[in-house]
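The structure appears below as structure tokens.
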Amino acid sequence: MTSVPLHVSGMLNEMSAQYTRDIIVDAAKCTACMDCVEACKQAVAHEHKTTEPTARISIRKATAEGGINLPQLCKNCAEAPCVVACMTGCRIRDVSGWVTTDYERCVGCWMCVMTCPFGVIGAVHEDKMARKCDGCTSHEVPPCVAVCKPQALRVRSYGSFAQERRQAYSRRARVTALPG
Amino acid sequence: MRYVIIGNSYAAVGAVESIREVDRRGDIIIISDEPYRAYGRPLITYWIGGTVREDQMDYRPQHWYESNRVETMLGRKVARVEPGERQVVLEVGERVSYDRLLIATGGTPIIPPIEGVDAEGLFTMTRFDDAKAFKTWVDQDHVKAGVSIGAGLIGLSVFKAMKGIDVRLTLVELLDRVLGLAMDYESSAMIEEELARAGVEVRTSTAAEAILKDDEGRVRAVRLKGGEELACQTVVMAVGVRPNVDFLEGSGVAINRGVIVDEGMRTSIADVFAAGDVVESKNVLSGENQVIAILPIAYEHGRVAGWNIAGQDRVYPGGIPLNSLPIFELSLMTMGITLTDDRPGLDVLVHTGERVYRKLVFDGGRLVGAILVGDVAHGGVLTWLIRSQLPVMCDRQLLLKGDPLELEASRQLIAAGENSDWSREATPELPVR
Ligand SMILES: Cc1cc2nc3c(=O)[nH]c(=O)nc-3n(C[C@H](O)[C@H](O)[C@H](O)COP(=O)(O)OP(=O)(O)OC[C@H]3O[C@@H](n4cnc5c(N)ncnc54)[C@H](O)[C@@H]3O)c2cc1C
């Protein structure tokens with residue numbers, strides 16, 4: 001039995017996971033223009049082997065009786081039930097902090113579809129893939145966010161977190177610099 | 001601190017991932033009699049069928065053991081545990097000492113005591129090596145027909161495997177329908193129809209009485225109650241699994257059907273924890289402890305055991321029985337209480353359509369169970385309503401139809417979601433990420 005040295009990456013991952021990407025939904029601003037839905041479809045098309053790509057964000061529209069337009073997408077749960085229930089391990093939180101899917105290894109057992117409390121994982125039978133929003137973590141800004149004119153979708157990332165903090169600092173500096 | 005884990009599967013992986021959130025320095029030693037890195041256990045039948053390659057079986061990335069600094073002792077079986085000495089004793093005689101021990105040994109297939117179970121060509125189907133032995137046997141071209149004894153989750157999985165390798169299959173089931181512990185008559189009938197379409201024969205309400213052998217001791221047929229013989233060259237024994245506890249005899253660890261644990265996955269012996277298919281834990285619907293042998297529960301047990309073994313104090317809130325088994329295009333799910341015949345007082349709502357069956361079971365204002373066949377949309381929402389036992393406030397028809405869920409239902413979704421984070425709910429003071 002030999003012990004192997006501690007991997008630093010594990011620690012870094014955990015730290016960075018706290019600050020990396022999060023997609024924030026500001027439903028009150030959503031106009032249901034469906035631009036995000038279109039952008040999503042295009043962004044995920046390459047992952048569909050034989051099927052027409054379907055968007056991984058949907059909008060529950062306000063009804064005549066009222067309500068608001070509600071964009072629905074993966075909430076990136078902390079103790080994510082879809083990760084817990086994944087039999088292959090293809091669904092896992094990656095270094096970006098987002099729960100992502102390796103569709104090459106998804107076998108379509110639908111265990112995650114059965115446990116997602118938000119109902120945002122869809123079963124694509126022909127491709128045997130349980131598709132959900134994987135955060136488009138390879139894009140600097142997720143395409144759905146990039147096209148959202150009313151800014152109902154926004155990202156928080158390590159970068160914007162730092163920037164927001166700087167702005168907050170400068171605001172505070174200005175306030176404290178004021179006489180009186 | 002020296003953590004020793006017996007078993008190397010979902011519960012063990014969950015435990016390691018928790019321990020390392022709390023303790024980066026302690027030593028973790030995993031002992032398992034299987035010679036593989038943790039793999040997706042249900043994938044063994046996919047592997048037989050050729051839809052998953054061996055290099056796609058790993059449950060975690062290759063570097064997982066190294067990144068989490070886990071030492072492994074694979075291919076070694078634990079013969080007994082000696083809590084007095086704080087040691088586990090391997091079959092080869094070697095001793096491994098621990099400060100804290102986790103028993104995550106899962107289940108072992110039940111082999112009914114019928115004549116001929118020692119026949120060559122008879123297999124169980126819970127381990128990768130079982131699948132390999134089976135495939136080697138079946139690849140010899142004398143195998144034309146196979147019989148699965150048991151038409152539960154594993155029996156049906158075997159069918160899927162055999163589909164890929166061109167063996168005529170018969171399922172023999174003691175109950176009067178397939179998946180009879182979770183499915184009602186209507187839904188089983190749909191599955192049986194789907195199986196028939198695929199050329200699988202289903203024999204229900206009958207028992208295998210004996211396995212008949214040829215002169216060389218190989219499987220030749222299965223004899224059913226009443227004398228009928230089903231000619232076959234291989235048999236899969238899939239009548240169920242039971243907790244793997246034999247090696248704990250004499251250890252003092254309290255056992256009922258499975259290992260008895262408290263809400264924090266602690267056994268009756270200090271510093272010995274247990275998790276996964278080997279334990280009895282709370283079913284939130286009955287409030288009673290029972291073995292629910294499914295992988296999400298095994299992983300969650302492991303998470304809670306891992307945090308606690310590393311010194312925290314978290315509680316496992318309990319789980320519910322779940323099944324998901326796609327049979328070709330026909331998906332099926334069962335959650336919670338699904339059989340209502342001997343349970344008066346429950347309300348049942350059913351929606352049927354072209355190859356679609358959705359049934360919801362309510363107990364007063366709460367959803368307690370569901371069967372979905374054909375249309376599994378938003379199954380997770382139902383699961384969380386059942387598990388959280390939140391009162392159902394939205395129009396029940398919306399839940400029943402599943403799609404489209406309108407605004408009202410989505411409000412319910414959000415309410416359910418707020419309670420979805422079982423670990424956080426259990427211990428609100430601890431940050432999860
Ligand atoms: C064919 C098949 C299909 C399935 N499909 C599903 C499904 O669709 N959904 C679902 O939720 N669940 C499914 N399951 C069940 C699921 O695999 C189990 O719930 C899960 O594997 C339990 O995990 P565990 O960590 O408790 O134990 P296990 O996965 O059983 O692992 C226990 C490990 O401990 C080792 N071990 C036992 N005793 C000793 C000893 N004395 N010394 C050393 N090592 C020992 C065993 O060899 C094994 O490697 C399926 C199971 C099978 C076999």
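Quick look at the values:
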item	result
Whichever residue in the stretch B:240-264 is more than 11 Å from the ligand (Cβ to nearest atom), part of a loop (DSSP other than H, G, I, E, B) and aliphatic (A, V, I, L, M) and, among such residues, is surrounded by the fewest Cβ atoms within 10 Å (Cβ to Cβ)	B:ALA254
Lone qualifier among B:GLU194, B:GLU280, B:GLU288 - being free of Cβ contacts under 8 Å to residues at least 12 places away in the same chain and not basic (Lys, Arg)	B:GLU288
Cross-chain or 6+ apart pairs with Cβ under 6 Å, the stretch B:97-118 first and within 14 Å of chain A (Cβ to nearest Cβ), then more than 16 Å from the ligand (Cβ to nearest atom)	B:SER97/B:ARG86; B:TYR98/B:ARG2; B:TYR98/B:ARG86
Members of the stretch A:95-115 that are away from the ligand (no atom under 14 Å from the Cβ), closer than 22 Å to B:ILE297 by Cα and either surrounded by fewer than 22 Cβ atoms within 10 Å (Cβ to Cβ) or over 14 Å from the mean Cα position of the chain (by Cα) (or both)	A:ARG105
Conditions (1) farther than 26 Å from B:THR45 by Cβ; (2) of a type in the set (A, V, I, L, M); (3) assigned to a strand (DSSP E or B): number failed by B:LEU372	(1)
Checklist (1) open to solvent by 40 Å² or more (accessible area, probe 1.4 Å); (2) of a type outside the set (Asp, Glu); (3) more than 16 Å from the ligand (Cβ to nearest atom) applied to B:TYR357, failing item	(1)
Qualifying residue in the stretch B:68-77 (condition: in contact with a His (Cβ under 9 Å, 6 or more places away or on another chain), under 27 Å from B:ARG242 (Cβ atoms), facing another protein chain (nearest Cβ under 10 Å) and open to solvent by less than 10 Å² (accessible area, probe 1.4 Å))	no
Condition check for B:LEU181: within 16 Å of the ligand (Cβ to nearest atom), modelled with pLDDT under 95, open to solvent by 20 Å² or more (accessible area, probe 1.4 Å) and over 25 Å from B:VAL52 (Cβ atoms)	yes
Leading residue by the ranking (farthest from the ligand (Cβ to nearest atom)) among those in the stretch B:17-26 that are closer than 18 Å to B:TYR299 by Cα and more than 8 Å from chain A (Cβ to nearest Cβ)	B:VAL22
Among the candidates B:ILE29, B:ILE48, residue that is over 21 Å from B:ALA293 (Cα atoms), away from every other protein chain (no Cβ under 12 Å), in contact (Cβ under 8 Å) with a residue 60 or more places away in the chain and open to solvent by less than 20 Å² (accessible area, probe 1.4 Å)	B:ILE48
Qualifying residue in the stretch B:59-81 (condition: within 11 Å of the ligand (Cβ to nearest atom) and within 27 Å of A:ARG93 (Cβ to Cβ))	yes
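The values are calculated or read from the model by the stated rules, or taken from the named source; none is laboratory data. Treat the numbers as computed from the prediction; the structure is a model and nothing was measured. Cβ sites come from the backbone with ideal geometry, for glycine too, and all protein chains shown count toward neighbours. Heads up: the accessible areas ignore ligands, DNA and RNA and are worked out on the full protein's heavy atoms, side chains in. Shrake-Rupley method; radii C 1.70, N 1.55, O 1.52, S 1.80 Å.
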